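See structure below.
The values are calculated or read from the model by the stated rules, or taken from the named source; none is laboratory data. Nothing here was measured: the structure is a model prediction, and the numbers come from that model. Don't worry about glycine lacking a Cβ; one is built from the backbone with ideal geometry, like all the others, and counts go over all protein chains shown. Calculation scope for accessible area: heavy atoms of the full protein, side chains included, ligands and nucleic acids excluded. Shrake-Rupley method; radii C 1.70, N 1.55, O 1.52, S 1.80 Å.
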Amino acid sequence: MISVAERHRQQPLLRCSVLVFMVLVYSWNTFEDFMLGRYDKVLWQMVLIPVLLLAAVLLWLRKHKSHNDSVVLPALVICAAGALCLLPEYPQLVWHQILMPPLVGYFCLREKVAHVFAAGLGALVLLIGLLSVDPLLALQGTAQYAMITGSVACYAVMVRMRDASLNALALKDWESLAYTERQLEPMVQQELLRSGYNGKQLSLIGFQVDDYDQLKNQTNVRLFSRLWPAFVRALQDDVRAGDEVFRQRDDLFVLMLPDCPEDGAIVLMERIRRHLGETEWPGIGELSLMTATVTSNPGEKSADLARRLFTRMAKQKRASLQSAAF
């Protein structure tokens with residue numbers, strides 16, 4: 001479902017298709033109302049059709065944005081406002097027009113925005129129905145509205161929960177193709193046990209992208225999503241076959257180096273940082289990276305080793321922010 005935002009941010013065609021389908025429904029309703037002589041409804045729906053078409057065109061032109069709530073939400077608000085204005089005069093005939101905007105919203109808006117829009121519209125329906133329509137009819141219509149929109153809202157929540165569970169169980173991150181954060185500690189612990197037998201050390205190198213949020217907001221979404229597989233491949237080009245890459249957060253990657261002493265990890269870290277910093281990434285240019293490395297101690301557990309790395313990187317981050325402030 002489109003409202004489960006990030007997975008579908010590169011599929012604007014589906015969202016445009018939903019809006020075009022909404023245009024076709026309104027067009028058919030306009031024709032029926034014209035044949036039945038409801039000219040006030042015809043005039044209002046003739047306004048909605050170009051509004052929805054314009055929203056579909058703008059959505060397609062802005063297809064590289066992470067979301068287009070600023071385009072879709074005003075169009076749905078206008079559609080809902082028209083139905084609410086006609087509710088006192090045609091209480092039996094506009095329920096489908098009241099239901100359509102929140103249902104479409106769950107396919108075209110981010111989930112939280114769709115929840116707020118559906119709840120607000122439901123409250124207005126109840127208020128207008130109680131003030132200008134028969135109270136029993138208003139309660140009945142509001143109950144139907146709540147059941148239908150609530151069912152779609154539950155579906156949206158279940159889809160999001162399913163995606164979250166699949167991501168938690170996945171071995172690799174779907175965006176960067178690096179191992180997920182849940183795989184770091186077990187695999188590091190396995191390598192630590194092996195290092196205990198052969199007497200060699202295990203090293204970790206952390207790579208953090210500076211100004212990640214700013215970079216994300218200023219970059220074309222499609223180019224930005226293509227950056228991370230290329231970034232991971234560039235890391236793997238400079239290491240051995242058994243050296244694995246893990247993605248801990250959106251902006252933080254960890255490289256695991258079995259049988260690598262501290263001095264070797266430092267040399268490799270500087271070489272990789274120089275290589276990544278000199279690489280020209282399409283649509284982005286150069287990346288500013290912050291790096292740190294740690295090496296295992298005898299008897300150390302994977303959680304302690306990872307914690308030392310993240311603590312060192314956090315200290316470097318604070319120091320960098322303080323130096324930038326002064």
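Considered as a group, the residues in region 267-295 that are over 26 Å from the mean Cα position of the chain (by Cα) and assigned to a strand (DSSP E or B) include one that is nearest to Val232 (Cα to Cα), and that residue is Thr291. Consider region 296-326 and keep the residues that are modelled with pLDDT of 85 or more and among the small types (Gly, Ala, Ser). The one that is nearest to the chain's Cα centre (by Cα) is Ala314. None of Ala153, Ala143 is assigned to a helix (DSSP H, G or I), at negative phi and surrounded by fewer than 13 Cβ atoms within 10 Å (Cβ to Cβ) except Ala143. Residues in region 238-251 that are exposed (fewer than 15 other Cβ atoms within 10 Å of the Cβ) and not in a loop (DSSP other than H, G, I, E, B): Arg249 alone.
Listed conditions (1) open to solvent by less than 50 Å² (accessible area, probe 1.4 Å); (2) in a loop (DSSP other than H, G, I, E, B) are all met by Gln92, apart from (1). Exactly one residue out of Leu235, Leu255, Leu215 is under 23 Å from the mean Cα position of the chain (by Cα) and either closer than 21 Å to Lys172 by Cβ or surrounded by 13 or more Cβ atoms within 10 Å (Cβ to Cβ) (or both): that is Leu215. Of the residues that make up region 98-111, is at least one more than 23 Å from Phe21 (Cα to Cα) and either in contact (Cβ under 8 Å) with a residue 60 or more places away in the chain or exposed (fewer than 13 other Cβ atoms within 10 Å of the Cβ) (or both)? Scanning region 98-111 turns up no residue that is more than 23 Å from Phe21 (Cα to Cα) and either in contact (Cβ under 8 Å) with a residue 60 or more places away in the chain or exposed (fewer than 13 other Cβ atoms within 10 Å of the Cβ) (or both).
Does Leu204 satisfy the condition of being open to solvent by 50 Å² or more (accessible area, probe 1.4 Å) and in contact with a helix residue (DSSP H, G or I) (Cβ under 9 Å, 6 or more places away or on another chain)? Here the answer is no, as Leu204 does not meet what is asked.
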